Amino acid sequence: TLSIGYLTMMICSRHNIVSVAICFVITAVCCGTIVIFAMQTKYDLTSMIGYVFIFAMVLLIFGLVAIMSMIFFKIKFLYLIYAGLAALLFMLYLAIDVQMIMGGRELEISPEDHILAAIQVFIDIIYIFWMLLSLFLDN
């Protein structure tokens, strides 16, 4: 977590302070809304982890194509689509992880694994922030 914090600091230093503040607020509001939704909903999102994995693999291939098109053809629009879809993917992961922490679903994390659960939620939130920040390609 220390290295991710340092990496986040370095990424934020490359962007405009307004972009970082806007992305922070958007991340906080989205994550708060997702946590409330995941705690209150009757839908079991943990049972859809296979579909989310398939979406992640498709997004991985699309991300490679988007990065290659940005490097070789200077097409940045595909990378913006990739960053938006990746942010949505990590929002799904956050909702699933919150439901796994809450328990009572198909998949759950035991109370003894509280460190793993905290790291999962931390990583989800950081990745959401990074993807939203990459949408603001001002620097």
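Yes or no, residue by residue, for (1) under 15 Å from Leu135 (Cβ atoms); (2) aliphatic (A, V, I, L, M); (3) modelled with pLDDT under 95:
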site: Thr1; (1), (2), (3): no, no, yes
site: Leu7; (1), (2), (3): no, yes, yes
site: Arg14; (1), (2), (3): yes, no, yes
site: Val18; (1), (2), (3): yes, yes, yes
site: Lys42; (1), (2), (3): no, no, yes
site: Ile54; (1), (2), (3): no, yes, no
site: Met57; (1), (2), (3): no, yes, no
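Among the candidates Ile123, Ile128, Ile109, single out the residue that is of a type in the set (A, V, I, L, M), outside any loop (DSSP other than H, G, I, E, B) and out of contact with any Ser or Thr (no Cβ under 6 Å at 6 or more places or on another chain). Reasoning before the result, please.
On the way: Ile128 fails: out of contact with any Ser or Thr (no Cβ under 6 Å at 6 or more places or on another chain); Ile109 fails: outside any loop (DSSP other than H, G, I, E, B).
That would be Ile123, the only listed residue that is of a type in the set (A, V, I, L, M), outside any loop (DSSP other than H, G, I, E, B) and out of contact with any Ser or Thr (no Cβ under 6 Å at 6 or more places or on another chain).
When Leu89 is evaluated against the numbered criteria (1) under 21 Å from Ala38 (Cα atoms); (2) in contact with a Lys or Arg (Cβ under 9 Å, 6 or more places away or on another chain), which criterion, by number, is the only one it fails?
(2)
List pairs: first in the stretch 114-139 and within 10 Å of Leu94 (Cβ to Cβ), second among the charged types (D, E, K, R), Cβ under 8 Å, 6+ apart or cross-chain?
From the stretch 114-139, the pairs are Gln120/Asp97; Val121/Asp97; Asp124/Asp97.
Considering Gly84, Gly63, which residue is touching a Phe, Trp or Tyr at 6+ places or on another chain (Cβ under 7 Å), among the small types (Gly, Ala, Ser) and closer than 28 Å to Ser13 by Cα?
On the way: Gly84 fails: touching a Phe, Trp or Tyr at 6+ places or on another chain (Cβ under 7 Å).
The match here is Gly63.
Which residue is surrounded by the fewest Cβ atoms within 10 Å (Cβ to Cβ), if the candidates are limited to the stretch 39-90 and must be among the aromatic types (Phe, Trp, Tyr) and not in a helix (DSSP H, G or I)? Before the answer, list the steps.
We begin by selecting, within the stretch 39-90, every residue among the aromatic types (Phe, Trp, Tyr); these are 43, 51, 53, 55, 62, 72-73, 77, 79, 82, 90.
Now narrow it down to the ones that are not in a helix (DSSP H, G or I): 43, 73.
On the way: Tyr43: 12, Phe73: 9.
Among them, the one singled out is Phe73.
Mind checking whether some residue in the stretch 70-90 is over 16 Å from the mean Cα position of the chain (by Cα), small (Gly, Ala, Ser) and at pLDDT 90 or above?
Filtering the stretch 70-90 for residues over 16 Å from the mean Cα position of the chain (by Cα) gives 70-78.
Filter again for small (Gly, Ala, Ser), leaving none.
No, the stretch 70-90 contains no residue that is over 16 Å from the mean Cα position of the chain (by Cα), small (Gly, Ala, Ser) and at pLDDT 90 or above.
Listed here are the residues, each with its yes/no results for (1) more than 26 Å from Ser3 (Cβ to Cβ); (2) buried (at least 19 other Cβ atoms within 10 Å of the Cβ); (3) hydrophobic (A, V, I, L, M, F, W, C).
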site	(1), (2), (3)
Met102	yes, no, yes
Glu108	yes, no, no
Asp113	no, no, no
Leu116	no, no, yes
Phe122	no, no, yes
Trp130	no, yes, yes
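Only one of these conditions is not met by Gly103: (1) at pLDDT below 90; (2) under 28 Å from Ser13 (Cβ atoms). Which number is it?
(2) is the only condition that Gly103 fails.
Taking the stretch 15-38, which residues are surrounded by fewer than 15 Cβ atoms within 10 Å (Cβ to Cβ) and assigned to a loop (DSSP other than H, G, I, E, B)?
Once the filter is applied, which keeps residues that are surrounded by fewer than 15 Cβ atoms within 10 Å (Cβ to Cβ) and assigned to a loop (DSSP other than H, G, I, E, B), the stretch 15-38 yields only Asn16.
The values are calculated or read from the model by the stated rules, or taken from the named source; none is laboratory data. Since the structure is predicted, the reported quantities are computational estimates derived from the model, not experimental observations. Heads up, the Cβs are rebuilt from the backbone with ideal geometry, glycines too, and the neighbour counts pull from every protein chain shown.
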